[in-house]
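Quick notes on the structure that follows.
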Ligand SMILES: Nc1ncnc2c1ncn2[C@@H]1O[C@H](COP(=O)(O)OP(=O)(O)O)[C@@H](O)[C@H]1O
Ligand SMILES: [Mg+2]
């Protein structure tokens, strides 16, 4: 009789581009605080872009940090590519609101920082390709202080991609940028998504951004965040920002967000 097959961790298959993300009954409670997340169930399909919107402070960043393995205290189950999240992993890329570049490194060096140790011999080629893909040609030797906010975020995006992640988590990555730069970066993210077919989860407070980029938009309730609605965006890409169908979805989503925030049901702060 053949011996039962046992898989050592080394034999586990590498995460592929566009891994599934699964959250099963995920909850979070900071010590001494009120619950932040309650009973979150969500399955993000390989290569899908899911937007997360919800009232400020409801727990969106907390959820992304859990998915990235930056915080391991939670209840329920979090799986990326079918594997439990046990800590930070190169397969899970992260982009923050601020670029978090190392000021003493050039653009090229900051991007190279993301490359896995096993691929360092190919650094020059990988960095060169990414610089071209994020449209930073000619800026490789500049330092972060010499870059505009948009160029800094392009560098941060290239650094995240240098790790060849299977999923990319984006926490309000464009919210500190002006409208013009933000629109260009949204299109850049879509361009790179089309090239890589990464699975993406994007937290944003811009409803139009969520709808322009996402396949589905998840609306969270006030803290503790629960999923209150999921809006499917069944519009082909490239999408047009002035498409009446997109604008109608925008109005609907704003209303859902208003109800999720229960702003209208709150007592006024003072009464006359
Ligand atoms: N490290 C922490 N310790 C205690 N409470 C925290 C911590 N991080 C976040 N919180 C609280 O959790 C809640 C959700 O925060 P966050 O996930 O940042 O909200 P969002 O991103 O939706 O605006 C907030 O009330 C915040 O004060
Ligand atoms: Mg946040």
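The values are calculated or read from the model by the stated rules, or taken from the named source; none is laboratory data. None of the values given here were measured: they were computed from a predicted structure. With ideal geometry, Cβ positions are generated from the backbone for all residues, glycine too; neighbour counts draw on all protein chains shown.
Inspection of the range 10-26 finds no residue satisfying the criterion of being at pLDDT 95 or above, within 16 Å of ligand 2 (Cβ to nearest atom) and either surrounded by fewer than 19 Cβ atoms within 10 Å (Cβ to Cβ) or not in a loop (DSSP other than H, G, I, E, B) (or both). Looking only at the range 31-47, which residues are crowded, with 19+ Cβ neighbours inside 10 Å and either near ligand 1 (Cβ under 9 Å from one of its atoms) or over 25 Å from residue 258 (Cα atoms) (or both)? 36, 37 - these are the residues of the range 31-47 that are crowded, with 19+ Cβ neighbours inside 10 Å and either near ligand 1 (Cβ under 9 Å from one of its atoms) or over 25 Å from residue 258 (Cα atoms) (or both).
Across the range 48-57, the qualifying residues are those that are in a loop (DSSP other than H, G, I, E, B), more than 9 Å from ligand 2 (Cβ to nearest atom) and surrounded by fewer than 24 Cβ atoms within 10 Å (Cβ to Cβ), and the one among them that is modelled with the highest pLDDT is 48. Within the range 144-173, residues that are closer than 24 Å to residue 59 by Cβ sit with their Cβ atoms under 7 Å from residues that are within 16 Å of ligand 2 (Cβ to nearest atom) and in a helix (DSSP H, G or I), at 6+ positions apart or across chains, in these pairs: 169/64; 169/67; 171/61; 171/64.
If you take the residues in the range 58-84 that are within 16 Å of the chain's Cα centre (by Cα) and farther than 28 Å from residue 152 by Cβ, which one is nearest to ligand 1 (Cβ to nearest atom)? First the steps, then the outcome.
From the range 58-84, those within 16 Å of the chain's Cα centre (by Cα) are 59-71, 78-81; that's our starting set.
Those still in the list that are farther than 28 Å from residue 152 by Cβ too: 78-79, 81.
On the way: 78: 15, 79: 20, 81: 24 Å.
Applying the filter and picking the extreme gives 78.
Checked against the criteria, residue 109 does not count as without any contact (Cβ under 8 Å) to a residue 40 or more places away in the chain and within 16 Å of ligand 2 (Cβ to nearest atom). Could you please let me know if residue 173 is in the same structural domain as residue 81 (by TED's automatic domain parsing) and closer than 27 Å to residue 85 by Cα? Yes, satisfied. Checking each residue in the range 168-190 for being assigned to a helix (DSSP H, G or I) and more than 12 Å from residue 99 (Cβ to Cβ) picks out 179, 180, 181, 182, 183, 184, 186, 187, 188, 189, 190. Answer yes if at least one residue in the range 99-113 is touching a strand residue (DSSP E or B) at 6+ places or on another chain (Cβ under 8 Å), surrounded by fewer than 21 Cβ atoms within 10 Å (Cβ to Cβ), on the phi < 0 side of the Ramachandran plot and outside any strand (DSSP E or B), and no otherwise. Scanning the range 99-113 turns up no residue that is touching a strand residue (DSSP E or B) at 6+ places or on another chain (Cβ under 8 Å), surrounded by fewer than 21 Cβ atoms within 10 Å (Cβ to Cβ), on the phi < 0 side of the Ramachandran plot and outside any strand (DSSP E or B).
Let's see how each residue does on (1) in contact with a strand residue (DSSP E or B) (Cβ under 7 Å, 6 or more places away or on another chain); (2) under 17 Å from residue 213 (Cβ atoms):
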{"site": "131", "(1), (2)": "no, no"}
{"site": "134", "(1), (2)": "no, yes"}
{"site": "144", "(1), (2)": "no, no"}
{"site": "158", "(1), (2)": "no, no"}
{"site": "165", "(1), (2)": "yes, no"}
{"site": "171", "(1), (2)": "yes, yes"}
{"site": "182", "(1), (2)": "no, yes"}
{"site": "187", "(1), (2)": "no, yes"}
{"site": "191", "(1), (2)": "no, yes"}
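Residues in the range 61-98 that are part of a loop (DSSP other than H, G, I, E, B) and within 16 Å of ligand 2 (Cβ to nearest atom): 68, 70, 71, 96, 97, 98. Filter the range 164-192 down to residues that are farther than 18 Å from residue 111 by Cα and buried (at least 17 other Cβ atoms within 10 Å of the Cβ), then give me how many there are. Adding up the residues that qualify gives 8.
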